[in-house]
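Only the coordinates and a few stated rules stand behind these numbers; no lab work does. Only a predicted model underlies this, so the values are computations on that prediction, with no experimental measurement involved. Heads up, the Cβs are rebuilt from the backbone with ideal geometry, glycines too, and the neighbour counts pull from every protein chain shown.
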Amino acid sequence: MVGCEDRGNPIRHYLNELLEFRRTCDAAGLDIPFLFHAGETLRHGESTDENLFDAILLGSKRIGHGYGLARHPTLMNICRERGIALEICPISNEILHLCPSIQGHSLPILLSNGVPCTLSSDNPAYFRYYLPTVSLITSVLTQDSSTLSHDFYQVMSGFDSMSLHGWRVLAEWSIEHSCMSPQEKDRALTEWNKKWEQFCRWIVHEFGSNKR
């Protein structure tokens, strides 16, 4: 079901199969969450855009991309209230021309509305896409495939509003909204907090005397 939304069937096309899957899981006492790919589009009011509505109505735990969600204030509120996280793929969104550059991305709108977000790499093994080393405007490209670190860097270089605290929240959201068990999340957050404290101590030690 993952692919170019504008050329495939909308989520509602598989409604009967999805509801039957949910009934089967409930009968077996299984909790297998839906993780829908939705909203990777610039269209508005068409079936591709409406995938966002269907993903939320079907109780998706996370939404892959969700780029078009920023055009729907009510849906943003629902995602914030229900804790539905978006898997944001900034470099992919630029390559597929959903935004002209990282500065035109919808991520700041989503974050300012309290929508949980994680940064992700959109199937780099398939795309074999490349990261601009200076900017998209200069079109200076490396010969290395993009990784998750590159997506983080692209957001870091594109948005001055991203503070150190903001980066911490994004990292924590990736754990909180994962499919790990509660016990696994607790262990992961404990380890994360330990490493975060070490990182902050290193920042203070290395750059604490820099007053600029």
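How high is the relative contact order of segment 1-114, in percent, counting Cα pairs under 8 Å that sit 6 or more residues apart?
About 21 percent, as a whole number.
Per DSSP H run of n ≥ 4, the term is -39500 (n - 2.57); total these for the chain, divide by its residue number, and report the mean residue ellipticity at 222 nm rounded to 500 deg cm²/dmol.
-14500 deg cm²/dmol
Compute the relative contact order of segment 1-58 as a whole-number percentage, counting only Cα pairs closer than 8 Å that sit 6 or more residues apart in sequence.
40
Give me the base-10 log of I(q)/I(0) for segment 1-65 at each q in 0.28 Å⁻¹, Debye formula, one uniform scatterer per Cα, rounded to two decimals.
Treating every Cα as an identical point scatterer, log10 I(q)/I(0) equals -1.27.
Only Lys, Arg, Asp and Glu count, each charged at its Cβ (+1, +1, -1, -1), so figure out the dipole size of the chain about its Cα centre, rounded to 20 debye.
It works out to roughly 520 debye.
Please give the net charge around Tyr14, taking every other residue with its beta carbon less than 15 angstrom from that of Tyr14, where Lys and Arg add +1 and Asp and Glu add -1.
Taking every other residue near Tyr14 into account, the sum is -2.
Once you list every other residue whose beta carbon is under 13 Å from the beta carbon of Cys89, what net charge do they have if Lys and Arg are +1 and Asp and Glu are -1?
Result for the neighbourhood of Cys89: -4.
On average over all directions, what projected area in square nanometres does segment 40-100 have, based on the convex hull of its Cα atoms?
Projected over every direction and averaged, the Cα hull of segment 40-100 covers 3.9 nm².
What net charge do the residues around Ile175 carry, taking every other residue with its C-beta under 15 Å from that of Ile175, with Lys and Arg at +1 and Asp and Glu at -1?
That sum, taken over residues with Cβ under 15 Å, equals +1.
Based on the Kirkwood radius over alpha-carbon pairs, what is the Stokes-Einstein translational diffusion coefficient of the chain at 25 °C with 0.890 mPa s viscosity, in µm²/s?
130
Take the eigenvalues of the Cα gyration tensor for segment 1-110, scale each by 5, and report the square roots as semi-axes in whole Å, largest first.
After scaling each eigenvalue by five and taking roots: 26, 15, 12 Å.
Which of Trp173, Leu52, Ser163 sits farthest toward the positive end of the charge dipole of the chain, with +1 on the Cβ of Lys and Arg and -1 on the Cβ of Asp and Glu?
Ser163
Just need the relative contact order of the chain here, percent rounded to a whole number, with Cα pairs under 8 Å and 6+ apart.
13
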